[in-house]
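Asker: I have a structure here, written as structure tokens, and I will follow up with some questions on it.
We did not get these values from a lab; they are worked out from the coordinates using the rules stated. Worth saying up front: this structure is predicted, and the values here are computed from it rather than measured. No Cβ is skipped: glycine too gets one built from the backbone with ideal geometry, and neighbour counts run over all protein chains shown.
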Amino acid sequence: MARALVFQQLFEPESSTYTYLLADPATHEAVLIDPVAETVERDLKLAAELGLTLRYVIDTHVHADHVSAAGEIRRRTGARTGVSEHARVDCADLGLSDGQTLAFGAHTLTCIATPGHTDSCMSFLVGDRVFTGDALMIRGTGRTDFQQGSPDRLYDSITRKLFALPDDTLVYPAHDYRGLTSTSIGVEKRLNPRVGGGRTREQFREIMAGLKLADPKKIAVALPANLSCGGRAQTPVLTPHVIQDVPEVGIEDLKDRLTDVLLVDVRTPAEYNDVLGHLPGTLLKTLGPELDAFLDAASRVQEIVFVCRSGGRSREATRRALAQGFRAPRNLAGGMIAWNEARLPIVRDDPPL
């Protein structure tokens, strides 16, 4: 029997991009595929409404037609980002390789290298669904005339890898421009006008050479942004002072940078909304097993500031993050007491994130 899977197909109309949210209904661990910068709030709101914890945010390739939201969602959730190892994106947490697997709950996502549209294209197989990016599309394929594209490589990726999947495998591409939402391997084998119906490599080359497509209108913005995780290159924005081997920042350092780092409050749920309140946009991960589980799954690249009442527990959280290889953890010196004494903005009565 197939395992239950939370599945949401979401659409961004300007670039006609599909974003996919997948989750295990028992553990609530989730994967987000191909998020778009313009729809970050929608995607995070949906994940919160469904009670999901984003574990991975992954792109099928370095997109040229929209800016990825991977870096921004990582900043706000601590999820790990991933893209093909061939993309040469240093800010991603994971350089994905052919055959690599990512687990979320009882489910497994298998990476299938499908180059040809670009040299970094990946498809992702989860159960009887395959997410094909811009490789195989509904009655079409990705273009092959830029970003190290190759009609020969794309032909092999589709006919030797994707068409080797069972015919009833459902295909979900990164785009569709005609209102279609999915197809299947069997249908595309028969009906795809570029690569189906037994078309030869030579026929495919001729078809692709004759397309004469204009460049994507956002290519000048999207490509450089996506090579830095959607414009969120992980160069730390805070300069900490190292106190007894623990990097610390003060409230003056942090007050204008709240939206540039991941804020993690390590107090208890009762303290989170007490008289001291909490910082806007903070994740609550209480020091102990809850924080340890968060650190096990979180991005090691993301700059994180840990917060507590006075700075003691957050100092311990910073030590734990350093021990696990996090690149830029910081302790907020003085904690919420110092923040309140400076009369800086706080939030109360928010449900913990």
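Asker: What full-extension length gain, to one decimal in nm, is calculated for Phe146 and Arg190 as 0.36 nm per residue of separation minus the Cα-Cα distance?
Answerer: The span from Phe146 to Arg190 would gain 13.1 nm if fully extended.
Asker: Stretch Asp215-Lys45 to full length: gain in nm at 0.36 nm per residue minus the Cα-Cα span?
Answerer: Result: 57.9 nm gained on full extension.
Asker: Something else now. Using the Karplus curve 6.51 cos²θ - 1.76 cosθ + 1.60 with θ = phi - 60°, work out ³J(HN,Hα) for each residue of segment 182-196 in order, rounded to whole Hz, and write x for Gly and Pro.
Answerer: Once rounded to whole Hz, the list reads 6, 8, 9, 4, x, 5, 5, 4, 8, 10, 5, x, 9, 10, x.
Asker: So what is the calculated 222 nm ellipticity per residue for the chain, using -39500 (n - 2.57) for each DSSP H run with n of 4 or more, over all residues, to the nearest 500 deg cm²/dmol?
Answerer: -6000 deg cm²/dmol
Asker: Tilt of helix 40-49 relative to the longest C-alpha principal axis of the chain, in degrees (0 to 90, nearest 10)?
Answerer: 70 degrees
Asker: Which one is right for this structure if volume of the Cα convex hull per residue in Å³ is calculated from it: (i) 158; (ii) 168; (iii) 132?
Answerer: Step by step, volume of the Cα convex hull per residue in Å³ for this structure corresponds to label (iii).
Asker: With a cap of 13 neighbouring Cβ atoms within 10 Å, and only residues DSSP puts in a loop, list the trypsin sites (Lys or Arg not before Pro) found in segment 117-190.
Answerer: Those that pass, being in a loop and sparsely packed, are Arg178.
Asker: Going by amide H atoms built from the backbone, whose H comes under 5 Å of the H on Leu96, apart from near neighbours?
Answerer: Val83, Ser84, Glu85
Asker: Relative contact order of segment 117-253, please, whole-number percent, based on alpha carbon pairs below 8 angstrom and at least 6 residues apart.
Answerer: For segment 117-253, the relative contact order is 19 percent.
Asker: Shifting gears a bit: Percent relative contact order of segment 6-226, based on C-alpha pairs within less than 8 angstrom and at least six residues apart?
Answerer: That works out to 17 percent.
Asker: Between Ser97 and Ala26, what is the spin-label point distance in nm, taking each point 7 Å from the Cα along the Cα→C-beta axis?
Answerer: So the two model labels end up 3.0 nm from each other.
Asker: Between Ile337 and Asp292, what FRET efficiency follows from the Cβ-Cβ distance if R0 is 35 Å, with the result rounded to 0.05?
Answerer: 0.90
Asker: To continue, here is another question. Apply the Karplus parameterisation 6.51 cos²θ - 1.76 cosθ + 1.60, with θ equal to phi minus 60°, to every residue of segment 246-263 and state each ³J(HN,Hα) to the nearest whole Hz, in sequence, with x for glycine and proline.
Answerer: 10, x, 10, 10, x, 5, 5, 5, 8, 4, 9, 10, 4, 8, 9, 10, 8, 9
Asker: Taking Cβ-Cβ under 4.7 Å as the only way to count a partner, pick out the unpartnered cysteines of the chain.
Answerer: Cys111, Cys121, Cys308 - these cysteines have no disulfide-compatible partner (Cβ-Cβ under 4.7 Å) in the chain.
Asker: So which of Lys189/Lys217; Lys45/Lys285; Lys255/Lys285 end up more than 28 Å apart by C-alpha?
Answerer: Exceeds cut-off: Lys189/Lys217.
Asker: Just to be sure I understand: with springs between alpha-carbon atoms less than 10 Å apart, which residue in Ile73, Ile304, Ile251 has the highest mean-square fluctuation in the Gaussian network model of the chain?
Answerer: Ile251
Asker: Ok, one more. What's the center-to-center distance, using Cα atoms, between segment 202-251 and segment 270-339 in Å?
Answerer: Going from one Cα centre to the other spans 27 Å.
Asker: Let's test the formula: R0 of 25 Å, r as the Cβ-Cβ distance of Glu252 and Val347. What FRET efficiency results, to the nearest 0.05?
Answerer: After rounding, the FRET efficiency stands at 0.80.
Asker: Same structure, new question: Placing +1 at every Lys and Arg Cβ and -1 at every Asp and Glu Cβ, with all other atoms neutral, what dipole size does the chain have around its Cα centre, in debye to the nearest 20?
Answerer: That gives a dipole near 440 debye.
Asker: Over what distance in Å are the Cα centres of segment 1-55 and segment 126-177 separated?
Answerer: Value for the Cα centre distance between the two parts: 21 Å.
Asker: From the phi angles alone, apply the Karplus equation (6.51, -1.76, 1.60; θ = phi - 60°) to segment 61-77 and give each ³J(HN,Hα) in whole Hz, x where the residue is Gly or Pro.
Answerer: For segment 61-77, the Karplus-derived couplings read 5, 7, 6, 10, 10, 7, 8, 5, 9, 4, x, 5, 5, 4, 4, 8, 10 Hz, x marking Gly and Pro.
Asker: A further question on this structure: Between Ser310 and Arg205, what FRET efficiency follows from the Cβ-Cβ distance if R0 is 41 Å, with the result rounded to 0.05?
Answerer: Calculated value: 0.05.
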